[in-house]
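**Student:** Pasting in a structure now, in structure tokens, and then I'll have a few things to ask.
The values are calculated or read from the model by the stated rules, or taken from the named source; none is laboratory data. Quick caveat, the model's predicted, so the values are computed rather than measured. So basically every Cβ, Gly included, is an ideal-geometry build from the backbone, and we count neighbours across all protein chains shown.
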Ligand SMILES: [Zn+2]
């Protein structure tokens, strides 16, 4: 009998080959259940045979949410290691989640998206060239990656780091303050940025990384950003969720995004820590701008813009201006990509609206996972394009706050009856483009300065009277 079992097992082993091992016990790793659906040896030729294995991958659901019991738990995120895959053809069928084209990596650091012929909605079908491969919903941005970048960013005197508090599992909730300490606080705007409320939304951190790399670099433009603003940045508002590979909740099951109006017993310690610090920092002046950085399953970048009816015409106009400044000269993000909503108090934006009645402009910005502008025929989301969205966002923030930046001067005009007069005390020599604002920067004129001198320019009319800003930008290349 025993001999029979051994022979049978041997036969099975020979038939199946060495089985694929699945694991997810690492930073941001997540996997629910694996079911082998089928295994077949296929002989592409008389001398060759390939084992085909197909699996159902059931992604792990977030814990039950005590604060919003009606909300079904999400299982979007997966990130796992497969071993013993070399030379095998593996089929993966994803359940509980919706990857359009997953990503893979042979080293856990450099990820690539599966090519279109190997992956589609909820499916992967691939023959792997190496024995171990990591598979994820999107390129992970885990705790270790953040620590490595924080060490880099905090290596200069204009970046300091501290801790808002401790997560439920004991991770510090880290915050960077980025500014030129030599410029008095009163002369600066204040901007608060936070990301990763939802742990599956790693594109938000890649975008933020692009923004932070630009903001902390040693360049004339970055130095001026730091002279003009104080940036408070919380890269992981939900470190337990990120490290633990959760989808939309913290380790307690709470979706922190909609937790800002709950009673204390049902408020996450992370939201409490954020609120406390935001209150501390705004005792005298509200923030000028708060950005809540996310990623979404809609295949476009978006802002959630609060409607005029739910806020005020003036507030809505400011939100639209920031949105259009972000879509201006942006190959990935377009005016038609916006969503419109009301500032409900369960969100940070609603909490701020109730506190400041619009003094603080607060918006959620979303990056996609797969492609931009709902056009799969165009470029798919890459780390490069997400980081570029970060630098464009920083430029939009600067324009929105009217900052005067080397090579990019935003001038307010003085009204003189039918005309508007713009002045700048000392404009360096160079060739300039002049732009006016019409829901995008519109090239209006060009201007040559032979030597450094005062600048004066008059706009008599543009669609009637023009009272908006004038952007004077150094010409990088010939526009004609
Ligand atoms: Zn989100």
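**Student:** Consider the stretch 296-308. How many of its residues are part of a loop (DSSP other than H, G, I, E, B), touching a residue at least 12 places away in the same chain (Cβ under 8 Å) and more than 16 Å from the ligand (Cβ to nearest atom)?
**Tutor:** Residues meeting the conditions: 1.
**Student:** Next question. In the stretch 320-335, is there at least one residue being farther than 30 Å from residue 375 by Cβ and either assigned to a helix (DSSP H, G or I) or away from the ligand (no atom under 15 Å from the Cβ) (or both)?
**Tutor:** No, that holds for no residue.
**Student:** Which condition does residue 314 not pass, out of (1) surrounded by fewer than 15 Cβ atoms within 10 Å (Cβ to Cβ); (2) in contact with a strand residue (DSSP E or B) (Cβ under 8 Å, 6 or more places away or on another chain); (3) modelled with pLDDT of 95 or more, if it passes all the others?
**Tutor:** Among (1) surrounded by fewer than 15 Cβ atoms within 10 Å (Cβ to Cβ); (2) in contact with a strand residue (DSSP E or B) (Cβ under 8 Å, 6 or more places away or on another chain); (3) modelled with pLDDT of 95 or more, the lone unmet condition for residue 314 is (2).
For every residue, the table says whether it meets (1) touching a residue at least 60 places away in the same chain (Cβ under 8 Å); (2) in a strand (DSSP E or B); (3) under 16 Å from residue 475 (Cβ atoms).
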{"residue": "396", "(1), (2), (3)": "yes, no, no"}
{"residue": "402", "(1), (2), (3)": "yes, no, no"}
{"residue": "410", "(1), (2), (3)": "yes, yes, no"}
{"residue": "415", "(1), (2), (3)": "no, yes, no"}
{"residue": "420", "(1), (2), (3)": "no, yes, no"}
{"residue": "431", "(1), (2), (3)": "no, yes, yes"}
{"residue": "435", "(1), (2), (3)": "no, yes, yes"}
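**Student:** Condition check: within 16 Å of the ligand (Cβ to nearest atom) and either at pLDDT 95 or above or over 30 Å from residue 174 (Cβ atoms) (or both). Does residue 355 satisfy that?
**Tutor:** So residue 355 fails the test.
**Student:** Something else: Just to be sure I understand, how many residues within the stretch 252-280 are free of Cβ contacts under 8 Å to residues at least 60 places away in the same chain and under 24 Å from the mean Cα position of the chain (by Cα)?
**Tutor:** Qualifying residue count for the region: 2.
**Student:** Kindly indicate which of 462, 444, 435, 457 is at pLDDT below 95 and touching a strand residue (DSSP E or B) at 6+ places or on another chain (Cβ under 8 Å).
**Tutor:** 462
**Student:** Can you tell me which residue in the stretch 82-96 is farthest from the chain's Cα centre (by Cα), limited to those that are crowded, with 19+ Cβ neighbours inside 10 Å and without any contact (Cβ under 8 Å) to a residue 60 or more places away in the chain?
**Tutor:** Looking at the filtered set, the residue picked out is 92.
**Student:** So which helices (runs of 4 or more DSSP H) stay within the stretch 176-295 end to end and still have 2 or more residues that are under 21 Å from residue 393 (Cβ atoms), within 16 Å of the ligand (Cβ to nearest atom) and touching a helix residue (DSSP H, G or I) at 6+ places or on another chain (Cβ under 9 Å)?
**Tutor:** Filter on the stretch 176-295 gives 202-216.
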